[in-house]
Amino acid sequence: MGLTISFLSALDAMRTIRSNGISVQEMDTTLLTQPVPWAGKHWSMKEFESSKWQWGIPTADDPLHVLVPQLTGRPRMAYVRTHLTRQNLPSRSILWADECTSIVCPELLFLQMVSVFSFPALVLLGYELCGNFSRSALDPLNGHVEMNIPAATSVDRIREYILASSYGRGASVALRALDCVSDHALSAPEALLAAMYSMPTNEAGYDMGPITLNEKVRINCNGDSARKQHRYPDITLSSIPIGINYDGEGHFELDGLKDLIRHAESLEGEENEAARELVVRKLDSIREKMLDDNMRNRELAAAGRIVMVVTKDDLYGKGNLDNLTRQMLDCAHNAFGLDVQKHVRILDDTDAARDRNELLESFLPGGRPFGAAHGKM
């Protein structure tokens, strides 16, 4: 075997693998072995210029991180960072990627990133690995996010791996971060919201966890077999009986409607009529979606679940998410009689509010770039 890539290099590779539609959980396992050159007798940059190497050429700004069982024979190159493990790794720690490359498993990757990421970034990584989306390897913050893909692992599998591992450094931090992570995040904004509500206040969170994502709620259909039997609120909070549904920019596909209208306006005669029919169909589809959303919220309310809709505008803008959270607390107090003063005090703390806003902004596309405090993300 050539190299076992780890740390940030493994994160980039895992994002590439997942974005290409490959299920990490179905990848073959292999053993951690001493690295062997595949293009020459000795390690040199020509290894990474070979057509066999698929993971980018290491640079000063983006070095390659590799895991080795011993230092003898390791690659000694300017842009290769070698990490030594002196322990017996749990089974399935190393996954086979190709004839030149293996990669650390997602559970070991999460544990490794304790030494690289801030606590909030580690929590968000947990949501990504345990969710059905993957960030871009080239531009994690602003790049394309691949959706509707299999999860790389689960919260239970990461916890079992950490407890079975003798990889002692950072294990307690990893477990603490994992307490803020839930399975089944469907998108990056959904994961960000869940992280903000589940993290403790000393990490600039709202401390309203644990969080359940996309919980299956049975609906009383009153014998109407045509109606949906279940609804799935995006986020369910444990501290108050209020849920959240995130409706992103593409929720109603309004951009697609705009494109259809512009296209119809550019046509004449029969082509214009056909294009206008497409616009009408699109409008009918949007109306149907709006009606279903309204029905969803009514059905969940009837089942004792009040769900508030969150949009992109609630994430951007100083204090907007705090204002939404205050409304949720007011609802929990006025509708259910709950004592929410603990959380109100958190919102009233101006220093904590500043920290939350800065953290949220740093994790939003187009926001303040990640610095050393968060890692590459």
Check your understanding: In the neighborhood of residue 149, defined by Cβ-to-Cβ distances under 15 Å, what is the net charge if each Lys or Arg adds +1 and each Asp or Glu adds -1?
Key -> -2
Point to revise | Rel. contact order, % - alpha carbon contacts under 8 angstrom, at least six apart, the chain | key: 14
Review point. Placing +1 at every Lys and Arg Cβ and -1 at every Asp and Glu Cβ, with all other atoms neutral, what dipole size does the chain have around its Cα centre, in debye to the nearest 20?
Key: 1360
Point to revise | Computed magnitude of the charge dipole of region 44-174 (debye, nearest 20; Cβ of K, R +1, Cβ of D, E -1) | key: 500
Point to revise | Residues of the chain: accessible area per residue with a 1.4 Å probe, Å² | key: 50
Revision key, fill the gap. Longest principal axis of the chain (C-alpha) makes with the long axis of helix 350-362 (C-alpha) an angle, in degrees to the nearest 10, of 70
Practice item. Note the angle between two axes, namely the Cα long axis of helix 320-336 and the longest principal axis of the Cα atoms of the chain, as a number of degrees from 0 to 90, rounded to the nearest 10. Key: 60
Review point. What list of ³J(HN,Hα) values in whole Hz, one per residue of region 87-94 in order, does the Karplus curve 6.51 cos²θ - 1.76 cosθ + 1.60 (θ = phi - 60°) give from phi, with Gly and Pro shown as x?
Key: 10, 7, 6, x, 4, 6, 6, 10
Check your understanding: Out of residues 5 or more away from residue 306 or on other chains, whose amide H comes under 5 Å of its own, with H placed 1.01 Å from N in the peptide plane?
Key -> 243
Exercise for review: Report the one residue of 323, 65, 150 whose Cα lies farthest in the direction of the positive end of the charge dipole of the chain (charges on C-beta: Lys and Arg +1, Asp and Glu -1; origin at the Cα centre).
Suggested key: 65
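Taking the Cβ of residue 58 as the center, what net charge do the other residues with Cβ under 12 Å away carry, scoring Lys and Arg +1 and Asp and Glu -1?
Around residue 58, the surrounding residues sum to -4.
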Point to revise | Amide H contacts of residue 97 (H built 1.01 Å from N, under 5 Å, at least 5 apart or other chain) | key: 102, 103
**Study point:** Surface accessible to a 1.4 Å probe, residue 314 within the full protein complex, Å²
**Key:** 40
Check your understanding: What is the gain in length, in nm to one decimal, between residue 287 and residue 273 on full extension, counting 0.36 nm per residue of separation less the C-alpha to C-alpha distance?
Key -> 2.9 nm
Practice item. Once you have all Cα-Cα distances for the chain, histogram them in 10 Å bins from zero and send the whole-percent values. Key: 5, 20, 27, 22, 15, 8, 2, 0
Check your understanding: What residue among 126, 319, 73 has the largest mean-square fluctuation in a Gaussian network model of the chain, using Cα springs under 10 Å?
Key -> 73
Check your understanding: Over region 1-153, what relative contact order in percent results from Cα pairs under 8 Å that are six or more residues apart?
Key -> 32
**Study point:** 242, 57, ranked by accessible area, largest first (probe 1.4 Å)
**Key:** 57, 242
Practice item. Express the carbon and sulfur contribution to the solvent-accessible surface of region 5-116 as a percent, rounded to the nearest whole number, probe 1.4 angstrom. Key: 48
Revision key, fill the gap. In deg cm²/dmol, rounded to the nearest 500, the helical mean residue ellipticity at 222 nm of the chain, built from -39500 (n - 2.57) for every DSSP H run of length 4 or more, is -12500 deg cm²/dmol
**Study point:** Which of 265, 146, 299 is most accessible, then next, and so on - probe 1.4 Å
**Key:** 265, 146, 299
Exercise for review: Kindly count the pairs of lysines across the chain whose alpha carbons are less than 30 Å apart, treating pairs on different chains or eight or more residues apart as eligible.
Suggested key: 21
Point to revise | Rounded to 10°, Cα long-axis angle of helix 188-198 versus longest principal axis of the chain | key: 90
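The values are calculated or read from the model by the stated rules, or taken from the named source; none is laboratory data. Predicted, not measured: the structure shown is a model, and the values here were computed from it. We place every Cβ from the backbone using ideal geometry, glycine too, and count neighbours over all the protein chains shown. Ligands, DNA and RNA are excluded from the accessible area calculation, which covers all protein heavy atoms including side chains. Shrake-Rupley method; radii C 1.70, N 1.55, O 1.52, S 1.80 Å.
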